[in-house]
């Protein structure tokens, strides 16, 4: 009897334990499952749970963050301004043959090898610019893509400046042309801007279909400044020339030079940091190489005077070509005739070195420049100055 009672008590205890376990599991399950009321409750926004005091603190935090952002922006602007002050005025001094923008390769100028926004169908213009003391400082030479310098009568030189991508508002002083300037402009199919010509120049203009605007007959495309005496005060510019360009047939250009992508200097190449060109008598020219910027700065006269622009800048270039040509005097005034076709020697200066070679030109093609082994010489993207000199001209260079 006692054993039966004990067995019954054990059964009761077991039932109680099972009930406790079942209730515990049910309660835990109910806590994990959201009720309908909680599930339907809308999600509270931050503003709904911030007290007025908290909101003021929040606005204070936002204002503090705004001030920090403003300080950061000011710091970045200061850095940009400082960088801009340290950058030279001519950004084309830097190597930039290809620019990636929106995964597209920029177009390259056929005359400088540098990026341009779009392919243009306009003709280039070439202006005959005076280079005497009363004409200095000149206007617009710093914006020219290519500048030729020719010897004329009297031992002075004259520039023939090519503009295509950018035509400045003021170019000059504009002066007369000679046959070899006219021939050079024809090679580029350019619009020639000038004020008169030599007798042989006028004859050439009448005999051949030369695209030109002579100030004598087209005065509306030129003006005279009041700060200089004539004839050293005649100017033209992009604002008055561009409408004329838009009304004539355009021109598609191929690359003028063999532009290089990377400058590779061979230690065996001859260094040339100083270049002296003695045109005639005291008409001397000097270029100094600036290694940091990879450019050549121009000086003139036997006193090595820095050649400035009318805006206070320095005339400079990335490449210099000395092109030797056969020259002879054709009249009593000392006017010259130059042989611009065929083949003759040349010197190319770039990257602080000199490359000896030759130039070659046939018919209406551009003159091309080759090294002594017959390979076309590569030039740096950027501006190029071409010094056309007589065979007797003394050109010196040194490290």
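Could you list, in sequence order, the residues of the stretch 232-244 that are surrounded by 17 or more Cβ atoms within 10 Å (Cβ to Cβ) and either out of contact with any helix residue (DSSP H, G or I) (no Cβ under 7 Å at 6 or more places or on another chain) or in the same structural domain as residue 377 (by TED's automatic domain parsing) (or both)? Don't jump to the end; show me each part of the working.
Our first condition is that a residue be surrounded by 17 or more Cβ atoms within 10 Å (Cβ to Cβ); within the stretch 232-244, this holds for 232-238, 241.
Selection gives 233, 234, 235, 237, 238.
Specify the residue that is surrounded by the fewest Cβ atoms within 10 Å (Cβ to Cβ); the eligible residues are those in the stretch 173-182 that are part of a helix (DSSP H, G or I) and touching a helix residue (DSSP H, G or I) at 6+ places or on another chain (Cβ under 8 Å). Please lay out each step first, then the result.
Here is the first cut: in the stretch 173-182, the ones part of a helix (DSSP H, G or I) are 179-182.
If we keep only those that are touching a helix residue (DSSP H, G or I) at 6+ places or on another chain (Cβ under 8 Å) as well, we get 179, 181-182.
Numbers: 179: 22, 181: 26, 182: 24.
Among them, the one singled out is 179.
Which one is nearest to the chain's Cα centre (by Cα) among residues in the stretch 314-340 that are surrounded by 16 or more Cβ atoms within 10 Å (Cβ to Cβ) and not in a strand (DSSP E or B)? Out of the qualifying residues, it is 318. Select from the stretch 346-372 the residues that are touching a strand residue (DSSP E or B) at 6+ places or on another chain (Cβ under 9 Å) and farther than 15 Å from residue 270 by Cβ and list them in ascending order. 358, 359, 360, 361, 362, 367, 368, 369, 370, listed by residue number.
Scanning the stretch 261-303 for residues that are at positive phi and exposed (fewer than 13 other Cβ atoms within 10 Å of the Cβ) gives a single hit, 281. Picking from residues in the stretch 139-161 that are more than 21 Å from the chain's Cα centre (by Cα) and assigned to a strand (DSSP E or B), the one that is nearest to residue 335 (Cα to Cα) is 151.
In the stretch 360-379, the condition of being touching a residue at least 12 places away in the same chain (Cβ under 8 Å), in a strand (DSSP E or B) and farther than 25 Å from residue 109 by Cα is met by no residue.
For residues that are touching a residue at least 24 places away in the same chain (Cβ under 8 Å) and in a loop (DSSP other than H, G, I, E, B), scanning just the stretch 223-248, find the one that is farthest from residue 136 (Cα to Cα).
Looking only at the stretch 223-248, we keep the residues that are touching a residue at least 24 places away in the same chain (Cβ under 8 Å), and these are 228-229, 231-239, 241-242, 244-246, 248.
Next, only the ones that are in a loop (DSSP other than H, G, I, E, B) stay: 228-229, 231-233, 237, 248.
Working: 228: 10, 229: 12, 231: 13, 232: 9, 233: 10, 237: 17, 248: 32 Å.
Checking each candidate, the answer is 248.
When residue 265 is tested against the conditions (1) assigned to a loop (DSSP other than H, G, I, E, B); (2) more than 26 Å from residue 157 (Cβ to Cβ); (3) more than 26 Å from the chain's Cα centre (by Cα), the lone failure is (3). Looking only at the stretch 256-270, residues that are under 17 Å from residue 356 (Cβ atoms) and at pLDDT 95 or above come to 1 in all.
Given the criteria touching a helix residue (DSSP H, G or I) at 6+ places or on another chain (Cβ under 6 Å) and in a strand (DSSP E or B), does residue 204 qualify? Quick ask: steps written out before the conclusion?
Working: touching a helix residue (DSSP H, G or I) at 6+ places or on another chain (Cβ under 6 Å): yes; in a strand (DSSP E or B): no.
Spelling it out, it is not the case that residue 204 is touching a helix residue (DSSP H, G or I) at 6+ places or on another chain (Cβ under 6 Å) and in a strand (DSSP E or B).
When the stretch 215-229 is filtered for residues that are surrounded by 10 or more Cβ atoms within 10 Å (Cβ to Cβ), out of contact with any strand residue (DSSP E or B) (no Cβ under 6 Å at 6 or more places or on another chain) and closer than 16 Å to residue 196 by Cβ, the ones remaining, listed by number, are 215, 216, 218, 219. Considering the stretch 116-146, the residues that are touching a strand residue (DSSP E or B) at 6+ places or on another chain (Cβ under 6 Å) and over 20 Å from residue 222 (Cβ atoms) include one that is modelled with the lowest pLDDT, namely 119. When we screen 181, 205, 192, 213 for residues that are over 32 Å from the mean Cα position of the chain (by Cα), at pLDDT 95 or above and not assigned by TED's automatic domain parsing to the domain that holds residue 333, the only hit is 205.
Quick check: is even one residue across the stretch 119-130 touching a residue at least 12 places away in the same chain (Cβ under 8 Å) and over 25 Å from the mean Cα position of the chain (by Cα)? Yes, the stretch 119-130 has at least one match. Taken over the stretch 381-396, the residue count meeting the criterion of being surrounded by fewer than 20 Cβ atoms within 10 Å (Cβ to Cβ) and either in a strand (DSSP E or B) or at positive phi (or both) is 4.
Based on what the data block shows, is residue 170 on the phi < 0 side of the Ramachandran plot, at pLDDT 95 or above, surrounded by fewer than 20 Cβ atoms within 10 Å (Cβ to Cβ) and in the same structural domain as residue 223 (by TED's automatic domain parsing)? Judged against the criteria, residue 170 is a match.
The values are calculated or read from the model by the stated rules, or taken from the named source; none is laboratory data. Values in this document were obtained by computation on a predicted structure and should not be read as measured data. Glycine also receives a Cβ, built like all others from the backbone with ideal geometry; neighbour counts cover every protein chain displayed.
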